[in-house]
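Here is the structure we will look at.
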Amino acid sequence: MTREVLNVRCLLCPLPVIRTQDKVKQLQPGDQLEVICTDPGVMQDIPAWCRINGHKVLETNSADHEYVVVLEVGGLDKGLTSHG
Amino acid sequence: MNHPRKAIALISGGLDSMLAAKTVMEQGVHVEGINFFTGFCVEGHTHAIREKDKSKAKRNNALWVAEQLGIKLHIVDVIEEYKKVLINPKHGYGANMNPCLDCKIFMVNKAKQWISENDFDFIITGEVIGQRPMSQRKWTMPIIAEQSGADDRLLRPLCAKNLAPTLPEREGWVDREKLHSITGRSRKPQMAMAKQFGLNDYAQPAGGCCFLTDKFYSAKLVDLWKARQSKDYELDDVMLLKVGRHIRPKPHFKLIIAREEGEGRFMQGYKRDYINMVCTSHTGPFVLLDGTPSAEDLYLAASITARYGQGRHAEQVDMMITEKDGSERTIQVKPLAGEKLPEEWVI
């Protein structure tokens, strides 16, 4: 298990989500990613993105106009699915 | 045994694409969503940086729609590729700088590439004939299908019955009879359908989903291109067009003046890329200077900046100027007098 940090300060959503999505593709299930942002929208968007793609939010916090989301990469195909 | 068919739905975050995806999901097709970020999407949280908009929901509607539908959403950065669409649209612009028809062709083409790479069968859009003056007309529907390369793998569930049957319909992947025949600008059929699906909350963006449909934003973009004598742009340029008050006193430079603390905080992220200034003797806005102002121009910029601060009626204010290399100096200026700035300066 590795823990990496993604700095997406000064980017506005959805770019922090896109950068998170791209970074997660390079990680393995169980790895952790700490995303550091300045757009408060990430507090809603990254957890939403995690829920629909099967990743787990471990922690969110904010201080001094910075917002941090820590997530754990889920297994493949753990996200929502519309199979009828 | 038939394998389950898979479709990718273009999800904008609005109601139509949500209903289109839902209509196909109801038929047992596996649906995932795709959303393209051009840099001009209103879905971005630009409004969240303004203090006055803090009460507005900060959710990204495309993500929210995907979650409501219970589908995955793939958000794709197309900022670089989108430049050629905006700079030279084959089908021209709409009322403002919106190249809607070219944009739709581009996005469907990107979706077509995506389904080829990911072994999906067809594409869903929320288009409705007659809904939008440029891109959603009866005559534009075949153009989009043909020029995107999607051809008959492009299904528009909300108006499919008004169009020729597509591959998913002919092959029986979806039942054409369960698709719809909506036309025109009325939202009533969509609202009724939403109610039927039990969807009570959905976004209704009044100005569409793109900043390029906004006349004030478009004016700033045209001004930028004119000043640089080039239609090229970077993401930072288009982001900064969304914030601040833009004033161009001379062709070779403009001021971007923060209208409030939230904007000022956001603009401070660009301190290393632009000369910037702030009043140190009185409370005042943070300002970025775009272009190549001379030393004399800096005095003019400082006097303009001063009129937006608490020192606007002072005889003289101190203005700290920071160069891109971080070096600082303070100059004294008299705030620009007069009731109004020359109209032609305000972009």
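In chain B, excluding the sites themselves, the longest stretch lacking any of the trypsin sites (Lys or Arg not before Pro) that are in a DSSP loop with at most 16 other Cβ atoms within 10 Å is B:1-53. Sorted largest first, the principal axis extents computed over the alpha-carbon atoms of the stretch B:193-347 equal 66, 34, 33 Å. Both numbers refer to the Cα atoms of the stretch B:73-217; Rg and Dmax are 15.8, 47 Å. Summed over both chains, the accessible area lost when B and A associate is about 2500 Å², using a 1.4 Å probe.
Angle of helix B:295-306 to the longest C-alpha principal axis of chain B, folded into 0 to 90 degrees and rounded to 10: 80°. Accessible surface of the stretch B:49-173, 1.4 Å probe: 48 percent of it comes from carbon and sulfur atoms.
Averaging 1/r over every pair of different alpha carbons in the protein assembly as shown and inverting the result gives a Kirkwood radius of 23.5 Å. Return the tail of the calculated pair distribution for the stretch B:104-189, meaning the percent of Cα-Cα pairs more than 16 Å apart. That fraction is 50 percent. One quarter of the surface of the convex hull around the alpha-carbon atoms of chain A equals 5.2 nm², the direction-averaged projected area. Comparing the full protein assembly with the isolated chain (1.4 Å probe, heavy atoms, ligands and nucleic acids excluded), the residues of the stretch A:42-69 losing at least 50 square angstrom of accessible area are A:Asp45, A:Ile52, A:His65. Spin-label pair B:Glu26-B:Trp225: with each label point 7 Å from Cα along the Cα-Cβ axis, the two points sit 4.2 nm from one another.
Here the dipole of the protein assembly as shown is about 1260 debye; that uses its Cα centre as origin and unit charges on the Cβ of Lys and Arg (positive) and Asp and Glu (negative). Summary of the geometry: the stretch B:216-256 and the stretch B:106-133, compared by the centres of their Cα atoms, lie 32 Å apart. Using a cutoff of 8 angstrom between alpha carbon atoms and counting only pairs six or more residues apart, the relative contact order for chain B works out to 15 percent. For the stretch B:232-299, the spread of Cα positions along the three principal axes, ordered from largest to smallest, is 37, 29, 20 Å.
Accessible surface calculations at 1.4 Å, restricted to protein heavy atoms, place the stretch B:262-347 at 53 Å² per residue.
When the GluC sites (Glu not before Pro) in the stretch B:118-192 are filtered for DSSP coil states and for at most 15 other beta-carbon atoms within 10 Å of their beta-carbon, the remaining sites are B:Glu171. Taking Cα centre as origin and charging only the Cβ of basic (Lys, Arg, +1) and acidic (Asp, Glu, -1) residues, the dipole magnitude of the stretch B:102-236 rounds to 760 debye.
The values are calculated or read from the model by the stated rules, or taken from the named source; none is laboratory data. The shown structure was predicted, so the numbers you read here are calculated from the model rather than taken from an experiment. With ideal geometry, Cβ positions are generated from the backbone for all residues, glycine too; neighbour counts draw on all protein chains shown. The protein model used for the area step is the full one, side chains on, heavy atoms only, and it has no ligands, DNA or RNA in it. Shrake-Rupley method; radii C 1.70, N 1.55, O 1.52, S 1.80 Å.
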